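The structure appears right after this line, and notes come after that.
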Amino acid sequence: MYLTREEEEIIQGEQGETLQQLMEILVGVGTVFGATKMIPVRSVQVSGASYKTIGKYGLEWLESLHARAVVPAVLNPIGMDRVRYASMSLTDEFITNQQAVIDAYARLGIQLECTCTPYYFSAPAYGEHIAWSESSAVCYSNSVCAARTNREGGPSALASALLGKTPYYGLHLIENRVPNMTICVHDAPKEPDSSWYGSLGYLVGKMVGAQIPYFAGIRPTRDQLKALGAAMAASGAVSLFHVHQITPESEIFHWDPHMFEQIPITNDEIQQVYRDSDQNHVDAIAIGCPHCSSDELLRIARDLEGKTVKKPLYIFASAYVLSRCPGEVAIITKAGGRVYADTCMVVSPEMEQYECIMVNSGKAHAYVPTMCYARSRIATLDECLAEACM
Ligand code: F3S
């Protein structure tokens, strides 16, 4: 792997131990994956921000680092709402440790925007090289924005934030962004909701693993593309997908769906995902995986206006999006919904108190059993809100 003179100096420790250690991480990753050189990145999203996921040793590592971010860098969701944490079911120990993680990232110059939807306040441009790490954000930035990122781990993303570079391999190269197969969706409903795309992604992710699917027969909106990609990234390891005549690279390259191996999938198979999910008593409802957009908050608020929530209803979004929707937040909270910023149903311990959680997200449906230790039922947004008010 070619290194510039400055990169050589960093790896020899001439700019301090922290940068040496971080350059070793990037060179190690680049060597394993056959990178030819380092390239500059325009932005970074760092995962490993919740104390629930990184624990004591992750925090100790962060506190041992001494450097500052040299490119715009944000965080993945943390384990609590920084303002409303007192209303969450968290231990004092967790709150103290989570605050220490936040402080450690702030000291490293990482912006305290903690979200899996950073593209709502700063969308990467077409062809831009970035180093993002949360799997749904990676999938969206690659597929919907046509930016270029591999699915970084927390340490390699942090290294990119502090060094401004990433190894040049994988999805940074245009030749690695070509689809492997066409998923031909038959009998798609006329106006499916986002949970239908989440269920489709839940199925397809299991089938394709880390390959690049190309979809024909669907016309998702941006929020639905978000749901589709997040689910495939969770049930499989998809980091890039294309949708015929919808996503930017499919528009530019004019791929013919028949060019690739054809894999049919029917609406009945997608409906089976709903039927197979847990049908027992629901204890709580969680919406916002990935974090809600302003359009999604508007839909929720319209539905809840004048109603009263009877079961715990959680809505998760970034602090940025919530700050732009004060009216919607007021309606949802007046109805009894719990709106939390910059945290989520999976990375916060909050949801571990429930036995069965209803979600409208294919990604949440994949993660709730393993990360929240609860059963999961996937349903449409309308069904989730109706359940909350029953
Ligand atoms: Fe985002 Fe948390 Fe879901 S990070 S994609 S809301 S699991």
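The values are calculated or read from the model by the stated rules, or taken from the named source; none is laboratory data. For clarity, every value in this text was computed on a predicted model and none was experimentally measured. Positions of Cβ are backbone-derived with ideal geometry, glycine not excepted, and every protein chain shown enters the neighbour counts.
Is it the case that the range 303-317 has a residue that's touching a Lys or Arg at 6+ places or on another chain (Cβ under 8 Å), closer than 30 Å to Val178 by Cβ and either free of Cβ contacts under 8 Å to residues at least 40 places away in the same chain or among the polar types (S, T, N, Q) (or both)? No - not one qualifying residue is present in the range 303-317.
In the range 69-89, the residues that are closer than 12 Å to Ser348 by Cβ and modelled with pLDDT of 95 or more form Cβ pairs under 7 Å with partners that are among the polar types (S, T, N, Q) and surrounded by fewer than 18 Cβ atoms within 10 Å (Cβ to Cβ), at six or more places apart or across chains, as follows: Ser89/Gln353. Residues in the range 368-381 that are assigned to a helix (DSSP H, G or I), closer than 12 Å to Met351 by Cα and in contact (Cβ under 8 Å) with a residue 12 or more places away in the chain: Val368, Met371, Cys372. For beta carbons closer than 6 Å, sequence separation of 6+ or different chains, a first residue in the range 104-125 that is in contact (Cβ under 8 Å) with a residue 24 or more places away in the chain and a second that is among the small types (Gly, Ala, Ser) and within 16 Å of the ligand (Cβ to nearest atom), the qualifying pairs are Cys114/Ala49; Thr115/Ser318; Cys116/Ser136; Cys116/Ala137; Thr117/Ser318; Pro124/Ser141.
Restrict the check to the range 257-276 and report whether at least one residue is more than 16 Å from the ligand (Cβ to nearest atom), in a helix (DSSP H, G or I) and under 20 Å from Ser136 (Cβ atoms). Walk me through it before giving the result.
Applying the first criterion (more than 16 Å from the ligand (Cβ to nearest atom)) to the range 257-276 yields 257-276.
Add one more test, that the residue is in a helix (DSSP H, G or I), and what stays is 257-259, 267-276.
Retained after the next criterion (residues that are under 20 Å from Ser136 (Cβ atoms)): 270, 273.
Scanning the range 257-276, I find at least one residue that is more than 16 Å from the ligand (Cβ to nearest atom), in a helix (DSSP H, G or I) and under 20 Å from Ser136 (Cβ atoms), so the answer is yes.
Among the residues making up the range 309-340, those that are within 12 Å of the ligand (Cβ to nearest atom) and either farther than 25 Å from His281 by Cα or more than 21 Å from the chain's Cα centre (by Cα) (or both) are Ala317, Ser318.
Sub-6 Å Cβ pairs linking a first residue in the range 343-362 that is closer than 17 Å to Glu113 by Cα to a second residue that is among the aromatic types (Phe, Trp, Tyr) and modelled with pLDDT of 95 or more, at least 6 apart or interchain, are Cys344/Phe316, ordered by first then second residue.
Going through Glu7, Glu14 one at a time, which residue ends up being closer than 16 Å to Ala67 by Cα, surrounded by fewer than 18 Cβ atoms within 10 Å (Cβ to Cβ) and not β-branched (Val, Ile, Thr)?
Numbers: Glu7 fails: surrounded by fewer than 18 Cβ atoms within 10 Å (Cβ to Cβ).
Of Glu7, Glu14, the one residue that is closer than 16 Å to Ala67 by Cα, surrounded by fewer than 18 Cβ atoms within 10 Å (Cβ to Cβ) and not β-branched (Val, Ile, Thr) is Glu14.
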